[in-house]
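Presented below is the structure to which this report refers.
The values are calculated or read from the model by the stated rules, or taken from the named source; none is laboratory data. If you're wondering where the values come from, they're calculated on a predicted model, not measured in any experiment. Reconstructed Cβ throughout: ideal geometry from the backbone, glycine too, with neighbour counts over all protein chains shown. Keep in mind that these areas ignore ligands, DNA and RNA; they rest on the heavy atoms of the full protein, side chains included. Shrake-Rupley method; radii C 1.70, N 1.55, O 1.52, S 1.80 Å.
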Amino acid sequence: MRIVFKTSYLQDIRPWKDGYQLSLYLILLALALAAPLLLDDFYLGELTNVLIWAIAGMGLMVLTGHTGQASLGHAAFLALGCYANIILLEKGLPFLLAFPMAGLITGVLGVIIAIPALRMHGIYLAIATLALSVLMDDIIVLSGPLTGGVAGKFAPPVNVFGIEIDRWGTPRAFYWLVFAVTVIVTLGYINLLRAPLGRSFIAVRDSEVSAQAIGVHIARTKAMSFFLSCAVTGLAGALMGLFAGAFNNETFSVVISIQLLMMIVIGGLGSIHGAFLGAVVIGFLPQFLSISKEWVGAVVGGNTVAIPGLESGIFGLILIFFVLFEPMGIYGRWLKIRTWFELFPFYRRDMFKRQKSYLKTERLR
């Protein structure tokens, strides 16, 4: 059994629990830094895609995982960030200004859109955000002179400190760009959770009545959560547009919103690790299915047959499995396994039993 004794306040608030956990993070960071040297362009591109999905997952995790506000409309904010970034680049702004401004614009628009929805809860908020995601398709088409309409837009190469970065021409430089953004967003998220604002998010998620009783301004906290969530999602959308190279109104469909929500549920709600683990599943599962079909075709003999809806069906089965058997997601399962080894033979089966996190007064809301 390994027990960590905390002897100072700084030890209590640091991002890692002990030296062992810090060493694991450093090993993971070293592998990420060495990825361009170890992987070819194809797999490096897939890893880049996973990091972009992880940024989007952290954006949704702020709102859904830590504030408890269900959203099925984050594809709309991905689209806002993508189009805002490209439009600003076309106006002549350098990437180092256009990129953060795209996130800021998306965050502000997200708050404006969210103001009417601040009084909604649960399924009603999810339906309202889903309607926004559906409407975004028509908004992009009707704004054709600005967004390119059905024809869409092409992402130009970006220039960072004199280095031209292009998804296809310089995949390693593009990976470094996405990796840097991922590290900055992750560190910001970690510090947010330790700040009073982040603790207010968690208080609102667990019980709005109790949070209000201890002085948390519910409407302001939800608005800040929407702003930060939409801003980070906008940054992910900007990178997603640069990664795709070309996009139109069909790129950011409502399916993307559902995949984002599935991603954080499968990875583990309420944890930064869950956003990354879910991004690995969402990012690598399509390629895994494609490679598996080729392997089956080689073993059985004959050509592989494309099965319509196979990818969506597998995603759905995985989601159903986790909702029924492991609601805490992949990271929750890892916590149980780790705790079992740390407490053996004193581990009890009901240690992670699900508990109600709401008050009786909130059951009918």
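Quick grid of which residues meet (1) of a type in the set (Phe, Trp, Tyr); (2) more than 14 Å from the chain's Cα centre (by Cα):
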residue: Val185; (1), (2): no, no
residue: Tyr189; (1), (2): yes, no
residue: Leu192; (1), (2): no, yes
residue: Ala195; (1), (2): no, yes
residue: Arg199; (1), (2): no, yes
residue: Val209; (1), (2): no, yes
residue: His217; (1), (2): no, yes
residue: Ala223; (1), (2): no, yes
residue: Cys230; (1), (2): no, no
| Residues of region 94-130 being closer than 23 Å to Thr182 by Cβ, surrounded by 15 or more Cβ atoms within 10 Å (Cβ to Cβ) and more than 22 Å from the chain's Cα centre (by Cα), which ones? | Phe95
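From the list Ala56, Ala35, Ala79, Ala30, pick out the single residue that is farther than 22 Å from Tyr189 by Cβ, assigned to a helix (DSSP H, G or I) and not acidic (Asp, Glu).
Answer to the check: Ala79.
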| task | From Ala84, Ala32, Ala76, grab the single residue that is surrounded by 13 or more Cβ atoms within 10 Å (Cβ to Cβ), farther than 30 Å from His217 by Cβ and not acidic (Asp, Glu). | result | Ala32
| said: Restricting to region 82-126, give me the number of residues that are modelled with pLDDT of 85 or more and outside any loop (DSSP other than H, G, I, E, B). | reply: 27
| said: Cβ contacts < 7 Å: first residue modelled with pLDDT of 85 or more, restricted to region 20-32; second residue in a helix (DSSP H, G or I), any location; separation 6+ or different chain. Result? | reply: Ala32/Phe179
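In region 149-173, what residues are in contact with a strand residue (DSSP E or B) (Cβ under 9 Å, 6 or more places away or on another chain) and either in a loop (DSSP other than H, G, I, E, B) or farther than 21 Å from Ala98 by Cβ (or both)? Don't jump to the end; show me each part of the working.
Here is the first cut: in region 149-173, the residues in contact with a strand residue (DSSP E or B) (Cβ under 9 Å, 6 or more places away or on another chain) are 152-155, 157-159, 164-166, 170, 173.
Of everything in region 149-173, those that are in contact with a strand residue (DSSP E or B) (Cβ under 9 Å, 6 or more places away or on another chain) and either in a loop (DSSP other than H, G, I, E, B) or farther than 21 Å from Ala98 by Cβ (or both) turn out to be Gly152, Ala155, Pro157, Asp166, Thr170.
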| task | Look at region 137-177 and say how many of its residues are among the aromatic types (Phe, Trp, Tyr), at negative phi and out of contact with any Lys or Arg (no Cβ under 6 Å at 6 or more places or on another chain). | result | 4
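Counting residues that are among the hydroxyl-bearing types (Ser, Thr, Tyr), which helices (runs of 4 or more DSSP H) fully inside region 206-270 reach at least 2?
In region 206-270, 218-244 are the helices (runs of 4 or more DSSP H) which contain 2 or more residues that are among the hydroxyl-bearing types (Ser, Thr, Tyr).
Looking at Tyr9, Tyr25 in this structure, which one is surrounded by fewer than 24 Cβ atoms within 10 Å (Cβ to Cβ) and over 26 Å from Ser200 (Cα atoms)?
Working: Tyr9 fails: over 26 Å from Ser200 (Cα atoms).
Of the residues listed, the single one that is surrounded by fewer than 24 Cβ atoms within 10 Å (Cβ to Cβ) and over 26 Å from Ser200 (Cα atoms) is Tyr25.
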| request: Select from region 319-365 the residues that are on the phi < 0 side of the Ramachandran plot, modelled with pLDDT of 75 or more and not hydrophobic (A, V, I, L, M, F, W, C) and list them in ascending order. | output: Glu326, Pro327, Tyr331, Gly332, Arg333, Lys336, Arg338, Thr339, Glu342
| Looking only at region 138-155, which residues are surrounded by fewer than 14 Cβ atoms within 10 Å (Cβ to Cβ) and within 19 Å of Phe174 (Cα to Cα)? | Phe154
| query | Quick one: how many residues across region 229-284 are more than 18 Å from Ala76 (Cα to Cα) and either acidic (Asp, Glu) or open to solvent by 20 Å² or more (accessible area, probe 1.4 Å) (or both)? | reply | 10
